[in-house]
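These notes concern the structure reproduced below.
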Amino acid sequence: MNSVRPKKHFGQHFLVDRGIARKIAASLKAENCDSVLEIGPGKGILTGFLMERNFADFRVVEIDSEAIAFLEQSMGDRLNIIKGDFLKLDIPALFPGKVAITGNFPYNISSQILFRLLQFRDRVPELTGMFQREVAQRICAEPGSKIYGILSVLVQAYYRTESLFTVSEKVFYPPPKVKSAVIRLTRIKDRNPDCDTDLFFKVVKTCFNRRRKTIRNSLRAAFTFESDDFMLLTMRPEQLSVEQFTDLTKWVSVNCVQNE
């Protein structure tokens, strides 16, 4: 088998520039990690450079049977391939230690990859990889920005974000219609919002689902107020820092009842 057809339903845009692949591989620190997992290796251009780093435990996860056959033929037993969907992997069962995640992430599941990361945040100290540039910018955005949103708050509640470099659409086949960017997320040791985690996620999502409204009006879609004199209620969600969302969640837990 000499080729792998890019498939739209998998969101595949294969990286073909070896220089960019080498740069992504070098960007992964994987410090204090027991394993490294690459998501969606495709034809393996990034995989080859990651293998050169001789990690103690390096694996890839691939859902495309054609890509799997190509990788098995080209790399043989040197590559440990998990055949399946990353979004359905039992991370703790497969990786009993700490695992760093990397890859040229498919655009159509990049946000879902991040929510999966948050689910296993204490198992994953680092994620370094390529996203659609607009998504990467949202992840790294600061309060007050028009693109600051759900991903910004939830990721930054646990990870330090770094924008590393932008990638032209010309280094992919087929070329996407947008540019890409490589970012690094590093788990901040022992950092967790000082509030109920599930409620924190719900408050953040509820507020940004109606981002043009004040916090007070947004929250009323999901909560019944017993009191509404908290100062943050007059602000809009893009104005609140992670710490302020934590304070808001604490207030909601005492002063609001969740609607059925």
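Each value in this text was obtained by applying a stated rule to the coordinates, not by laboratory testing. Small disclaimer: the values here were computed from a predicted structure and weren't measured. Every residue, glycine among them, receives a Cβ derived from its backbone with ideal geometry; neighbour counts consider all protein chains shown.
The residues neighbouring residue 71, those whose beta-carbon lies less than 13 Å from its own, together hold a net charge of -2 under the Lys/Arg +1, Asp/Glu -1 convention. Between residue 212 and residue 190, what length comes free when the chain is fully extended (0.36 nm per residue of separation minus the Cα-Cα distance, one decimal in nm)? Residue separation times 0.36 nm, minus the Cα-Cα distance, leaves 4.6 nm. Each other residue within a Cβ distance under 10 Å of residue 236 adds +1 if Lys or Arg and -1 if Asp or Glu, for a net charge of +3. Taking each residue as 0.36 nm, the span from residue 198 to residue 163 lengthens on full extension beyond its C-alpha to C-alpha distance by 9.8 nm.
With viscosity 1.567 mPa s and temperature 4 °C, the Kirkwood radius over alpha carbon pairs of segment 1-93 converts through Stokes-Einstein to a diffusion coefficient of 93 µm²/s. Cross-link reach is defined here as a Cα-Cα straight distance under 29 Å, omitting same-chain residues fewer than 8 places apart; for residue 43 the lysines meeting it are 7, 8, 23, 29, 83, 88, 98, 170, 177, 179. Computed from backbone phi, the HN-Hα couplings of segment 120-125 come to 10, 4, 7, 9, 10, x Hz, rounded to whole numbers (Karplus: 6.51 cos²θ - 1.76 cosθ + 1.60, θ = phi - 60°; Gly and Pro given as x). Other residues within the sphere of radius under 10 Å centred on the Cβ of residue 220, judged by their own Cβ, net out at +2 (K and R +1, D and E -1).
Take the Cβ-Cβ distance between residue 85 and residue 235 as r, set R0 to 30 Å, and report the resulting FRET efficiency rounded to the nearest 0.05. My answer for the efficiency is 0.15.
Peptide packing: for 159-172, 116-129, the average count of neighbouring Cβ atoms within 10 Å per residue gives the ranking 116-129, 159-172, highest mean first. Extending 7 Å from Cα along the Cβ direction at residue 179 and again at residue 257 yields two label points whose distance is 5.2 nm.
For the chain, a Kirkwood radius taken over Cα pairs fed into Stokes-Einstein (25 °C, viscosity 0.890 mPa s) yields D = 125 µm²/s.
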